[in-house]
Amino acid sequence: MADLSVDIAGLRLKNPVMTASGTFGYGLEYQDFVSLEEIGGIIVKGTTLHPRQGNPYPRMAETAMGMLNCVGLQNKGVDYFCTHIYPEIRHIGTNMIVNVSGNSPEDYAECAARIDALDDIPAIELNISCPNVKHGGMAFGTTCEGAAGVVSAVRKAYSKTLIVKLSPNVTSITDIALAVQDAGADAVSLINTLMGMAIDIEKRKRILSIGTGGLSGPCVKPVALRMVYQVAHAVQIPVVGLGGISSAADAIEFLLAGASAIEIGTANFVDPTVTVKVARGIDAYLEKHGFSSVKEIIGLCE
């Protein structure tokens, strides 16, 4: 077996496969289907300073080769996470990472500070790119100034590995990536969902309750791969790639493009064991082609 371990700015993963926030719950929901310890990292659902009810239903719609969602970061808030969820997940034998969002830099920073106090959470993923809420979220992630402002505020409050999740709904994602790098990000993850819409032709109205939502699934992979390649060649910090990954071959493309690790999202709904299958598939690829470590193929694509 090849060495599958990777290092994301001090965060050591046993393999480069992680789960994307919002698609794997808190990990516990999947433990009857897959060995959680075999996954490199589990990024739990979005957490905010205060509880959020999310958007009204309907908030999911199937599309060709993907899905739309406008869930809207429904969660019970960081204090509930710390007192009720954290004790249940802290001893899972992999990296448990919290996705953090907010309405203001102050909200982000306070939420991150409370998670910083949890010994067994080694990193957070800062969501400055969610397109499903009316306040905050994408408003910060679509300008260099907004993105850098949030990252700077969180960096002052958070001492562990800080991964910043980027929005694809921008003119130049490399400019945003460079801005958050300069503001103190340890790594970036990309892409979050693309903005999309679906219409019910019989009712002649938009399907999702708020009209638009985030598009994910295999249909976004070529866009995600292009952006990961561009960012990986622009920044000096590690890149985590995601967007439409549903097989080992998909994951290997992202690694070759320059990603040091990958996240699997929508594919978890199709096959709850896909993460472990992808990790094993990467190992098989390395053995087939004579590589002793996954690090040897990161950024190998010309």
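Bear in mind that the values in this text are calculations on the coordinates, not laboratory data. Here the structure is a predicted model, which means the values were calculated and not measured. Methodologically, a virtual Cβ is constructed for each residue, glycine included, from the backbone with ideal geometry; neighbour enumeration extends over all protein chains shown.
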TODO: Mind checking the full-extension length gain between Ala234 and Arg280? Use 0.36 nm per residue of separation minus the Cα-Cα distance, one decimal, nm.
DONE: 13.6 nm
- [ ] Between Glu38 and Glu302, with labels modelled 7 Å along Cα→Cβ, what's the label distance in nm to one decimal, could you check?
- [x] 3.7 nm
Task: Debye, to nearest 20: dipole size of region 6-297, +1 on Lys, Arg Cβ, -1 on Asp, Glu Cβ - done: 640 debye
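Quick check on the exposure proxy: order Ser129, Ser246, Ser189 from fewest to most C-beta atoms within 10 angstrom. Working shown, then result.
Numbers: Ser129 27, Ser246 21, Ser189 32.
Final ranking by Cβ density, sparse to dense: Ser246, Ser129, Ser189.
Would you mind checking the pairs Lys45/Lys76; Lys165/Lys277; Lys165/Lys221; Lys45/Lys205; Lys45/Lys156; Lys14/Lys277 and listing those with alpha carbons more than 20 angstrom apart? Each step should come with its number before you reach the end.
Details: Lys45/Lys76 11 Å; Lys165/Lys277 25 Å; Lys165/Lys221 16 Å; Lys45/Lys205 30 Å; Lys45/Lys156 23 Å; Lys14/Lys277 15 Å.
The answer is Lys165/Lys277; Lys45/Lys205; Lys45/Lys156.
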Open item on the list: Between Thr63 and Glu29, how high is the FRET efficiency from 1/(1 + (r/R0)^6) when r is the Cβ-Cβ distance and R₀ = 41 Å? Nearest 0.05.
Closed with: 0.95
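Scaled to the compact-protein estimate 2.2 N^0.38 Å, what is the alpha-carbon radius of gyration of region 208-286, rounded to two decimal places?
On the way: Rg = 13.4 Å, N = 79, 2.2 N^0.38 = 11.6 Å.
The value comes to 1.16.
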TODO: Jot down the radius of gyration and Dmax of region 68-199, Cα atoms only, both in angstrom.
DONE: 14.5, 46
Task: Residues Arg90, Arg155, sorted so that the one with the fewest Cβ neighbours within 10 Å comes first - done: Arg90, Arg155
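How high is the relative contact order of the chain, in percent, with contacts defined as C-alpha pairs under 8 Å that are six or more residues apart?
21 percent
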- [ ] Could you tell me whether the chain comes out rounded, prolate or oblate from its Cα gyration tensor? Rule is a ≥ b ≥ c as square roots of the eigenvalues, rounded for a/c under 1.5, then prolate if a/b exceeds b/c, otherwise oblate.
- [x] rounded
TODO: Could you work out how far apart the two model spin labels at Ala249 and Asp116 are, taking each label as a point 7 Å from the Cα in the direction of the beta carbon, and quote it in nm?
DONE: 4.5 nm
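Could you work out [θ]222 nm for the chain from helices alone, using -39500 (n - 2.57) per DSSP H run of at least four and dividing by all its residues? Round to the nearest 500 deg cm²/dmol. Present the calculation step by step, with values, prior to reporting the outcome.
Details: 9 runs with 86 residues, N = 302.
Result for the chain: -8000 deg cm²/dmol, rounded to the nearest 500.
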- [ ] Take the Cβ-Cβ distance between Arg226 and His84 as r, set R0 to 41 Å, and report the resulting FRET efficiency rounded to the nearest 0.05.
- [x] 0.55
- [ ] Would you mind ranking Val223, Val34, Val150 so that the residue whose beta carbon has the fewest other beta carbons within 10 Å leads the list?
- [x] Val223, Val34, Val150
Open item on the list: Run the simple label-point estimate for Asp175 and Met1 please: 7 Å along Cα→C-beta, distance reported in nm.
Closed with: 4.6 nm
Task: 3J(HN,Hα) from dihedral phi, region 265-276, Karplus parametrisation 6.51/-1.76/1.60, rounded to Hz, x for glycine, proline - done: x, 4, 4, 4, 6, 7, 9, x, 9, 4, 4, 5
